[in-house]
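Report on the structure given below.
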Amino acid sequence: MSATTDIQAATTAGEFWPTARRHLIRYARNDFAPTIIERAAGSHVYDSDGRAILDFTSGQMSALLGHSHPAIVECVSRQIATLDHLFSWMLSRPVVDLAAALAATLPSTLSKVMLLSTGGESNEAAIRMAKLYTGRHEIVAFDQSYHGVTHASVAATYSMSRTGYGPVAPGNIIIPTPNAYRPVFERDGHHDWRAELDFAFTMVDRQSVGSLAAFIAEPILSTGGIIEPPPGYFAALRQKCAERGMLLIFDEAQTGLCRTGDWYGFERDGVVPDILTLSKTLGADLPVAAVITSDEIEAVCHDRGFYFGTTHVSDPLAAAVGLTVVNVLAENGFDQTARRLGDRLRGGLLELRSRHEQIGDVRGRGLLQGIELVTDRATKTPAGEFGTEVTRTCLDNGLHLNIVQFPGSSSIFRMAPPLTTTEAELDRGLDILDHALTTVARRG
């Protein structure tokens, strides 16, 4: 069969799935969603049957401004026709303008910016900088972390299985995720996170060979189960790092740029990282990422020969998109919008919890929320199969939700609707979820 004939065959309804199975590499344990998506607009994606599906995951947590936002469409159409890609050591106005715009949204210590493509790539660069700046190589992370699938970023990721891939980068150390719903340390029935953190760093010190470079963390662990460390935790963590000469890296792929109700997730705690990484939300659908750090760290790394010359570093098209996203967020006060809609979403989820015994916990901030499903609230036994059936039922009724499929978080729904979602769309999504929970519970 010729290439042209094969492509034509794949477009027909009867041949799409056989062709997909014949030619696609499966890149996760869970299968592809059982529907063919033809287009997307606003808060919805539309399948080949013309059915509108409410998107409560913002694509892959990236469509911050919804799908096909007019400002993004205009920017891409204009930029790709004028200046899309350059030799990596050439600069353009969009790159410099975006760097300045991002710095203007951040504390003054975060002033130097590098533009890349993906979250894993930005974390790779941040870890590389931390090692070069400190002259050390050990990286500490949470046991439910997710920072990417490239060499250094996957070595600092623990929310998914490592089985079968061989050695990771040396010098990676793990500490417990501060999960108030499933605490490792308790005192008088409450999560004793201070004792947990003290114990964790006692273990870090015992494992370390004296080469601690950095701690990398998400302000809210998203893929790890929408786990939000308690107030005060990051300040204490920052102190632990300072005592050991470690840098603190915040990975804000999913929490950055207004999603949590603040411009950045770290603002709640008043703890400014040494290095900040952005990705998903910065591109609002497209692959755009950034690494942001201080004048001092950048200068020292430059003097020591820092190199991260990728094919798409400082690309004009990506920079123009990122600049458009920052401008749209600022002009429309989307931090306040996320806070308001997040309160509505959380209120709706708490109301569902009052009627559905399978909802053990509701957590998150702004428009990054999650629920944990259990078979029994007393034992907190995860309800993985129940959650899978709820996911299918939601999709059948026009709502796409994501249930995390990694060990330790296989019964946790992650919800991150676009910031452009309307109150009516939020309410409709909650109604579909309510119906699905009821339907699946009756079946069981």
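The values are calculated or read from the model by the stated rules, or taken from the named source; none is laboratory data. Remember, it's a predicted structure, so these values are computed and weren't measured experimentally. When we count neighbours, we look across all protein chains shown, and the Cβ atoms used for this are built from the backbone with ideal geometry, even at glycine. The accessibility values were calculated without ligands, DNA or RNA, using every heavy atom of the protein model including side chains. Shrake-Rupley method; radii C 1.70, N 1.55, O 1.52, S 1.80 Å.
Between the amide H of His44 and those of Asp55, His67, distances stay under 5 Å, these residues lying 5 or more places away or on another chain, with hydrogens modeled in the peptide plane.
Students often get this wrong, so try it: which of [x] 22.3; [y] 22.9; [z] 24.0 is Kirkwood radius over Cα pairs in Å as calculated from the structure shown? Computing Kirkwood radius over Cα pairs in Å and matching it to [x] 22.3; [y] 22.9; [z] 24.0 gives [y]. Sorting 256-269, 349-362, 69-82, 28-41 by their mean Cβ neighbour count within 10 Å, with the most densely packed peptide first, gives 256-269, 349-362, 69-82, 28-41. The mean accessible area for residues of the chain, using a 1.4 Å probe and ignoring ligands and nucleic acids, is 45 Å² per residue.
Taking Lys and Arg as +1 and Asp and Glu as -1, the other residues whose beta-carbon sits under 15 Å from that of Asn123 total -3. Relative contact order of the chain: 21 percent, from C-alpha pairs under 8 Å at least 6 residues apart in sequence. Per-residue Karplus couplings for segment 54-68, computed as 6.51 cos²θ - 1.76 cosθ + 1.60 with θ equal to phi - 60°, are listed in order as 5, 9, 9, 10, 6, x, 8, 6, 10, 6, 4, 9, x, 7, 6 Hz, Gly and Pro entered as x.
Shown is the FRET efficiency for Ala52 and Val149, computed with R0 = 35 Å from the Cβ-Cβ distance and rounded to the nearest 0.05: 0.65. For Gly360, the residues whose amide H sits under 5 Å from its own are Glu372, Leu373, Val374, ignoring neighbours fewer than 5 places away on the same chain, with H placed 1.01 Å from N. Helical content of the chain, expressed as a calculated mean residue ellipticity at 222 nm, amounts to -12500 deg cm²/dmol (DSSP H runs of 4 or more residues, -39,500 (n - 2.57) each, divided by residue number, nearest 500). In the chain, the portion of solvent-accessible area held by carbon and sulfur atoms comes to 53 percent [1.4 Å probe, whole percent, DNA, RNA and ligands not counted]. Sequence-ordered 3J(HN,Hα) estimates for segment 199-206 from the Karplus curve with 6.51, -1.76 and 1.60 and θ = phi - 60° stand at 4, 4, 7, 4, 5, 4, 4, 6 Hz, glycine and proline given as x. Of the residues Met61, Met203, ranked by 1.4 Å probe accessible area with the largest first, the sequence reads Met203, Met61.
In order along segment 281-288, the phi-based Karplus estimate (6.51 cos²θ - 1.76 cosθ + 1.60, θ = phi - 60°) of 3J(HN,Hα) comes to 5, 5, x, 6, 3, 9, x, 9 Hz; Gly and Pro are listed as x. In percent, rounded to a whole number, the relative contact order of segment 204-351 is 21, using alpha-carbon pairs under 8 Å and six or more apart. Taking the DSSP beta bridges with both ends in the chain, the antiparallel portion is around 70 percent.
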